[in-house]
Amino acid sequence: MNAMRVAVLHTFYRYPGGEDRVVHDEIALLRQHGVAVRLLKWDNRALEAWPLHHRAARLLWNPVAYRRAVAWLQSWRPHVVHVHNTFPAASLAVWHAVRRLGLPLVVTVHNYRWLCPNGLLFRQGRPCRACVGRRVAWPAVVHGCWRGRAASAGVALMLAWHRRRETWSLPQRYIAPSHFVRRVFQQAGWHTHHWVVKPHFAPRPLRPRTDPTARQYALFVGRLSPEKGLRWLVHLWQEAKLRIPLVVVGDGPDAPWVAQVAQRQPWLRWAGQQSPAQVSAWMAKAAFLVAPSQAYETFGRVVVEGFAHGLPVLVSQHGALAELVTPERTGWVLPLGEPDAWAQAIVTAWEKRTTWLPDMGRSAQKIYEQHYSPEVNLRQLLRIYHEAQE
């Protein structure tokens, strides 16, 4: 019997992020277990060489990407096509290329782009659903939510045009990484029967914890941008006069501010951008992980990476993060509007780091093995592919 053939289509971002890592890890996982996988990719860095009028037109429909996808898929004829990001370099034209050939189409929903032009459901420091369910996302244009009003108008036009063309009905399966994501899209009127929830997985630790009591600091890992809540967390540390060591791993637009604070405050250390092996090493010596996201996260891969390392996690009480953590078993789920509750939970976690936290860490590792390990994810992914073929 021939191995299943899976074509993966993905547009890589200017700055590598979580979506790109998911694509890389899923392809590697499938190949390790005998699935024939080929990747057709685009790169958003190529947009810098396009004239401005080409960028605007191809945001709506990229004919070059369409023809390339048709020819590439015809030459191989995969059993199923799995599309991740198409925005903006490839455009949604590639969905139509897949359907033109009559191939089963599976799409992973990594963000809220099809409901919200900036893809985050986040504006002016807080969650925003102003465009969800509208035929035209005009609030995003008014507020210039994606690179100003002109660019936001282009995205809003693209979304309205594809809605009219019923592009959203093309996939056989949408993969939501969390129940929260599925609820948001279903509340916006998207087809219920097309959706399946499959969380992302985290590879097993590269640096497993050798000493369960080696818990030396609190840890934040993620992009240093407003929606991730690091500024809020650092201000909390300052206002509550916490002297618990806090290590920050990551890079982003808030990096210069973090560097300045780290120079003045001995309890804060900024490690910068790190490789997966280095992140694993930081997690192996941490007491707990802190994820105070201000936005509606679609998943929270850093949380399950923490679980894999035996780390309890403190998360904000909205979006997908809240469904990952079991309060006082694998971490704490806390409302962002209550900084005192956060400060108390942080102090408690630190004081109990050698007594209570090791038990919580073992519970977190058990949850990881049951729900977020590579083997569990492989079974889920193959089942979705078979359902799409049927």
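Bear in mind these aren't lab numbers, they're just calculated from the coordinates by the rules spelled out. This is a predicted model, so every value here is computed, not measured. Reconstructed Cβ throughout: ideal geometry from the backbone, glycine too, with neighbour counts over all protein chains shown.
Using only Cα atoms, tell me the angle between helix 374-389 and the longest principal axis of the chain; keep it within 0 to 90° and round to the nearest 10.
That works out to roughly 20 degrees.
For the chain, what is the calculated [θ] at 222 nm in deg cm²/dmol (nearest 500), taking -39500 (n - 2.57) for each run of four or more DSSP H residues and dividing by its residue count?
-12000 deg cm²/dmol
Give me the lysines in straight-line cross-link reach of Lys198: C-alpha distance below 19 Å, same-chain residues under 8 apart excluded.
Lys366
How far is helix 63-76 tilted, in degrees, relative to the longest principal axis of the Cα atoms in the chain, given as a value from 0 to 90 rounded to the nearest 10?
It is inclined by approximately 90 degrees.
Among Glu323, Glu239, Glu297, which one shows the highest mean-square fluctuation when the chain is modelled as a Gaussian network with alpha-carbon springs under 10 Å?
In the Gaussian network model the winner is Glu239.
Within segment 314-348, list the residues whose amide N lies under 17 Å from a label point set 7 Å along Cα→Cβ of Thr354.
Counting backbone N atoms under 17 Å from the label point, the list is 348.
Report the label-to-label distance for Gln263 and Leu206 in nanometres (one decimal), using points 7 Å from each Cα along the Cα→Cβ vector.
Once both label points are built, they end up 3.0 nm from each other.
Tilt of helix 339-351 relative to the longest C-alpha principal axis of the chain, in degrees (0 to 90, nearest 10)?
It works out to around 60 degrees.
Full extension from Ala240 to Gln187: what is 0.36 nm times the residue separation minus their Cα-Cα distance, to one decimal in nm?
15.2 nm
Multiply the residue gap between Val197 and His179 by 0.36 nm, knock off their C-alpha separation, and tell me the result in nm, one decimal place.
5.9 nm is the gain from fully extending Val197 to His179.
Starting from the exponent 0.38 and prefactor 2.2 Å, build the expected Rg for segment 351-390 from its residue count and divide its actual Cα Rg by it.
Rg over 2.2 N^0.38 Å, computed on Cα atoms: 1.83.
Name the residue farthest towards the positive end of the dipole of the chain from the options Gly252, Ala214, Gly189, assuming +1 on Cβ of Lys and Arg, -1 on Cβ of Asp and Glu, about the Cα centre.
Gly189
Under 30 Å from the Cα of Lys241, which lysines turn up, not counting those fewer than eight places away in the same chain?
Lys241 reaches Lys228, Lys285, Lys352.
Between rounded, prolate and oblate, where does segment 218-372 land on the alpha carbon gyration tensor, with a ≥ b ≥ c its root eigenvalues, rounded for a/c under 1.5, else prolate if a/b exceeds b/c?
The shape class here is rounded.
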